[in-house]
Every structure is written in C-alpha cells, then in structure tokens.
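To keep things clear, I will list the structure first and then write my remarks on it.
Every number in this text was worked out from the coordinates using simple rules, so none of it is lab data. Keep in mind that what you see is a predicted model, and the values were worked out from it rather than measured. Please note: Cβ atoms are built from the backbone with ideal geometry, for glycine as well, and neighbour counts cover all protein chains shown.
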Amino acid sequence: MADSITLLLSQPNSDDSSQSPHLEGHLPSLDSTIESCIGNFSWAQFLQAILVSFAWFFDSQQSFISVFADAEPLWHCNSSTRLRNNTSSYNRISDLCHLPTDSCSWDLPRHTSTISEWDLQCAGTIITGLPASAFFMGCLIGGFVLATLADSSLGRKKMLSFSCLAMAMSTLLTAFANNLWTYSALRFICGFSRSTINTSALVLSTELASKRWRGQVGVIGFFCFTLGFLSLPAIAYVNIGYTWRNLYLLTSIPTILYSLVVHFYVLESPRWLFIKGRKEEAVEILKTMAETNNESLTVSFSYLSFKEETSNVDFYSAIKILIEKKWSFRRLLAVMAIGFGVGLDYYGMPLALGNLPFNLYLSVTLNALSELPASLIAFFFIGNLNRRTPIMVFCILSGICSIMSVLKEVKTYTTLQIGLELVSFFSACSAFNILLIYTTELFPTCVRISAVSMVRQAIVLGGVFSPVLTAAGRGDGFVSYGVFGIMIMCFGLFVVYLPETKGRAICDTMEEEEYKSKTALTCGFTSYRNDV
C-alpha cells in the first residue's frame, strides 16, 4: 500500500487545480490526512518530542548564564568590617568605588566573576551590562538572518542541529576570552547562533504530533527550559571559588553531543516536506511513524486540497508574505507587541535578582522552580484554556506584582519582596508559554517558523534592554522591576486584537488560513445577528 501511495504522489492531480478555495472543506486537507497517519500518540513519538524539546535545556543555560558569570561580587574591608548597605547579605559596588583601592578585597578569588577579574566594578552600567546585551542583540540579529532557513532550504531538523552546534562552539570559545570586548563578541555570536533553537524545536515537535497532543507536546520544551534554568545554580554553586570560565566549559560540551544526536536520530517534519514538494520523503517519515504506532499507512495523498509552496522562501519574501495581507500583518504586530513586553519582564527579572536583598543562588533556584507550575498549567490545561484571556490575565498579574516588589513600603520585608517577585516571574513564564503556542496556531505552516521567529525577536528585543535596566536598577529597584511591570501590563493588552484559536486545526497555506478566518468571522457575525 505504501508503494501505491508513493505512486499516487508522483501523479499530477488535475482535480485539485480545478477546486475552488470555497470547496476546500469537501476534500481532505493535509492536516487531516497527516492526522490519520499519525494516529494515537505512541511512546516512539513521545521520545521524539523529548529529544527535540531537550534543545530548550541547553538554550536556557546560555540565556541566563550571565547571572552567575557576570555576577556582582561581594567584597569586604581589609579591617574585616563589611559595608552591607544596612543588610547582612549583600553590598553595593557603588560603595566600593568611593573607597581607596587598597582598603577592600573581594570575598572570593578575582577569577570567579568577569566583573572582578577585569576590574569592571566601577565601569558603569553600559559596560557591565554589555556582555548580556550583546548576547540578546545577537539573538535579535540572528533571528532576522536565520529565521526563514527552517522554512526554506534547511528545514526544521537541520536548522535545530546546526544552531545547537554553533551555539556550543561559541560557548566553548567564550571560556578562553581574555578581555571584555572578546567576551562580548563571543556572547554576541552565541546569541546569534541560538536565535532559532526555540522556534525550530517548538515547531518541529508540534508538527510531529497529532492535534490532540500538540499543545502538550509544545509544553515539553518549557519543562526542558526550566530544567536547564535549574541546572545553572547547581553548576554555579559547585563552582564557587573557581573561575567563571568553567561555567561555559561545562555547558558547551554536552550541547555539542546533543547536536550530533539530533542530526542522526530526529525525524524531519512531514508537513514541511509536503509543502516543499518532497512528498516521497514525507511519506517515508509517515511510514516510520505509522510503524512505530503499530498502524498501517492506508491513506491516499493524491487528493490533498492544499497548494504546494515549492519555491525557495528567503527572509525578505517571508516578511513580504506576512505583511502583504492585512489580517496577517495585524496579527504579527499584535503578537510582537505582546512578546516585547513579556520578554522585557521574563529575561529582566532573573538578571535583576542581584538587586534584591536575597541570596543569589537561592533566589535563582526559586525563580527556576516557579517555571515548573507555569509549565504544568500549560501542559495540563492548554487543551481547555482559551489563548487570549490567560495571556492578558498573566501579563496584568505579573506587572502588578513586579511593581509591588520594589515599593518602599515592602522593602523591609524581604520574604514578601521575593514572594511578589516570584509571583510576577511565574505569571510572566505562563504568559510566555501560552504566547508561543498561540503563535504557532495563528500562522500557517508555510510561514510558521518565520512568524514564530519574529515573535521571538520581539521577546529578545525586550531582553536587549533588560541588562541595562538591571544595571541601572542597582541603585533604585523601580528602574528595573517597576519598568518591567509597567511594560508587560501595557503590551499585554494587545491580545484583544487577535482571534481565538482554541481547538482549531492548524492551516498549511496562507489561502487556507485566510479562508478559515473569513469563515469564522462570517459565522460569528451570523450568530450575532441571530441573537439580536
């Protein structure tokens, strides 16, 4: 039967060309056909999802590694009297800059942080925040340059493997940086390389799953991201007293091995292969998936009612496709606005933990742990949750708690302050998770990774400003946490301009998405008139 299917695929389908878009509902779509091939979610598919999603683990390590590598070090006066700014847990670099150079010493060896090793303690917020900002700037530029390669020539699998390998190699070289400028340049390259890891992993894992499990599969990546985040304070704690370079060595080598595993054992998305006209390869992958699911492949692909997109799509043509239609341009602007607000808060809060009067290792661990319930909520309830309302609620809650965590009235209550910060970060994580899944449902297969990449760019753009606000907030917490809160609340309101996608099948072409959107709008208007 599989051979006959391959034969059918090679034959021209004259009936398809004569079908009007309005008759699409009478023919099997690519989505429904692949659904029938994938069948139930087997253990083999679950392992594929885990393997693909584990890329998030290594990505999260590089996203937050500067929290420890570029940490503001503790110091003491040579007279054994510590200046702690009215606390017993931390001191401020600004105090050190007003003292004679020979009157104070670092608590730990100079090489434990880039700040102390290169004498950056009095260099100013722009310089001290440069490596982290360079990383996020690399993410931003890399996303624009590499975004459409996964939609065009490389595909999802090759893009994921290449990005992980490039990120790992740049991370390995970072361990040998001998000054701030080399260090910042390598962090830029690392950010550039990892810019498409999340989007490639998310889209590939969800395109390999059936509609019933698509949301849960997407959330697996969030769990892996949390595990990677949790691994950082553990690695850093073991590395206390040793050089910060060890952090980059210990996180780069496993990533190199992982990229090789992806290359040899991960399946390519059959959806992408069909859209690019590589039907025979797609059928072989579907045969493999059907065999692992103990089902036979008996579906004919000869009457698929979708338009193939076989031309090469580069970055500019993908952007043109997204903006030439008003509905897709409005959606893109709205989700990017939300992404910017969420990214500023999501990346900024962990980076700014050193500004709070709380143990850095414990606070980072608690923040990483707060991602677990956010991922659990998405995993267990994404099938029943609307997309728009939770995003708005979580953005508003995150903003309120972020602002309250730095109000002067609560500064004397350390426990309450870190509690509010944790609620704010948990809410930002929840909004982040739902937003990414929501974006994959808003745009069709032919431009899905490009659209998700654009949203990721908006999120990363928020991350670009986070280190600067974090450094500026060392003297006034409202400059960091207060601004984070205001921005996520304001930009979260843009969700009202987006359609709801709960329970809706994903589309594969712009025409199909546009037709479904118009149909939904017409049905909604008709229902409204009937109610009136």
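Please give the contour-minus-distance gain from residue 240 to residue 141: 0.36 nm per residue of separation, less the Cα-Cα distance, rounded to one decimal in nm.
Additional length available on full extension: 32.3 nm.
Which residue, chosen from 447, 372, 458, occupies the Cα position most advanced towards the positive end of the dipole of region 357-466, where the dipole is computed from +1 (Lys, Arg) and -1 (Asp, Glu) charges on Cβ about the Cα centre?
Going by the charge dipole, the pick is 447.
How long is the gain from residue 415 to residue 126 if the chain were fully straight, where each residue apart is worth 0.36 nm and the alpha carbon distance is subtracted?
On the way: separation 289, 0.36 × 289 = 104.04 nm, distance 3.05 nm.
Result for the pair: 101.0 nm of gain on full extension.
What does the highest-first list of 60-71, 430-441, 324-335 look like by mean Cβ count within 10 Å?
Answer by packing, highest mean first, reads 430-441, 60-71, 324-335.
Ranked from highest to lowest mean number of other Cβ atoms within 10 Å per residue, what is the order of the peptides 47-56, 245-254, 375-384?
Values: 47-56: 22.0, 245-254: 18.6, 375-384: 16.5.
Ranked by mean Cβ neighbours within 10 Å, highest first: 47-56, 245-254, 375-384.
Cα-Cα over 28 Å: which of 157/326; 157/518; 320/518; 320/516?
In this structure, 157/326; 157/518 exceed 28 Å between Cα atoms.
Distance in nm between label sites at residue 326 and residue 381, each 7 Å beyond Cα in the beta-carbon direction?
Simple spin-label model gives 3.6 nm for this pair.
Which percent of Cα-Cα pairs in region 177-251 sits in each 10 Å bin, short to long?
Distribution as computed: 16, 32, 31, 16, 5, 0 percent.
Using modelled backbone amide H atoms (1.01 Å from N, in-plane), which distant-in-sequence or interchain residues come within less than 5 Å of residue 104's amide H?
78
What is the gain in length, in nm to one decimal, between residue 490 and residue 369 on full extension, counting 0.36 nm per residue of separation less the C-alpha to C-alpha distance?
Taking residue 490 through residue 369 to full extension adds about 40.9 nm, to one decimal.
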